[in-house]
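To keep things clear, I will list the structure first and then write my remarks on it.
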Amino acid sequence: MFGLTSPLAGYRYRVGVDRSIGADNYYSLTADYRKYFWMKPISLAVRFTGITRFEKEVNSVFPYYVGNMGFVRGMDPFCLPRSLMTCNWILINCWVPRWRFAGFEIRLPFTGPKQLALIGSNFLLTDLAFFVDAGIAFDEFKHFKEGELVYAIQRDDNGNVILDNNGNALYAYQNLKPALAKSIGFALRVNLFGALILEPHFARQLDSRGKWTFGLNLVPGW
């Protein structure tokens with residue numbers, strides 16, 4: 001059962017196996033499950049998604065990004081937390097061929113039909129949502145145990161870049177394991193006459209140095 005900007009009740013699932021043939025030949029496996037609990041006037045939504053791409057050469061085609069619209073919100077590279085901020089963190093934890101995502105939302109029809117929304121309106125259709133997003137991405141399954149050697153910027157205990165005598169950033173090889181990206185926030189989804197869903201939102205990375213950032217998605221609620 002769909003609401004004003006997103007599903008309110010029911011469930012859906014999808015399992016897919018894809019084969020790509022061309023300059024790069026590979027298989028990909030997709031598993032996605034979503035469940036919605038209608039508890040008037042709010043709805044609880046949960047989601048679990050996993051994508052694994054089996055390539056002969058890692059990242060031989062354009063990789064996935066866990067911060068894409070509809071996934072982990074608040075993934076602005078300039079606002080990443082200190083514990084995750086190394087030179088190549090985005091490359092080894094975001095732009096990769098395998099990732100897992102989980103999401104939770106509390107949804108409230110805000111303005112719209114009186115029988116559904118908190119505030120009655122004949123033309124302004126909106127939902128309020130509180131969300132928790134989490135995702136992890138990786139190149140190889142063995143990296144969870146062994147880590148991955150990357151050439152990255154060096155930082156001190158406070159997260160500041162370490163500089164040499166000439167003021168240049170110091171680089172060194174580090175053995176890094178995939179890190180979980182997670183955020184919380186709230187959003188206002190707006191239905192523009194059934195043609196487009198706008199989702200302005202504020203999200204905060206769950207880290208000691210995480211801060212609130214503003215974002216705008218152009219997708220309906222999952």
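Side notes on the structure shown:
- Selection within the stretch 165-193 - open to solvent by 70 Å² or more (accessible area, probe 1.4 Å), out of contact with any helix residue (DSSP H, G or I) (no Cβ under 9 Å at 6 or more places or on another chain) and not hydrophobic (A, V, I, L, M, F, W, C): 165, 166, 168, 171, 173, 182
- Residue pairs meeting the criteria (Cβ under 9 Å; at least 6 apart or on separate chains; first outside any loop (DSSP other than H, G, I, E, B) and surrounded by 14 or more Cβ atoms within 10 Å (Cβ to Cβ), in the stretch 51-68; second at pLDDT 80 or above and among the small types (Gly, Ala, Ser)): 51/28; 51/31; 52/28; 52/31; 53/20; 53/28; 64/137
Listed here are the residues, each with its yes/no results for (1) modelled with pLDDT of 90 or more; (2) more than 30 Å from residue 205 (Cβ to Cβ).
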{"residue": "11", "(1), (2)": "yes, no"}
{"residue": "39", "(1), (2)": "yes, no"}
{"residue": "50", "(1), (2)": "yes, no"}
{"residue": "54", "(1), (2)": "no, yes"}
{"residue": "77", "(1), (2)": "no, no"}
{"residue": "95", "(1), (2)": "no, no"}
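- For residue 134, the criteria (1) in a strand (DSSP E or B); (2) hydrophobic (A, V, I, L, M, F, W, C); (3) surrounded by fewer than 13 Cβ atoms within 10 Å (Cβ to Cβ); (4) out of contact with any Pro (no Cβ under 8 Å at 6 or more places or on another chain) hold in every case but one, which is (3).
- Residue that is farthest from residue 61 (Cα to Cα) [pool: residues in the stretch 5-43 that are open to solvent by 70 Å² or more (accessible area, probe 1.4 Å) and of a type in the set (Lys, Arg)]: 40
The values are calculated or read from the model by the stated rules, or taken from the named source; none is laboratory data. None of the values given here were measured: they were computed from a predicted structure. Note that each Cβ is placed from the backbone with ideal geometry, even for glycine, and that neighbours are counted across all protein chains shown. Keep in mind that these areas ignore ligands, DNA and RNA; they rest on the heavy atoms of the full protein, side chains included. Shrake-Rupley method; radii C 1.70, N 1.55, O 1.52, S 1.80 Å.
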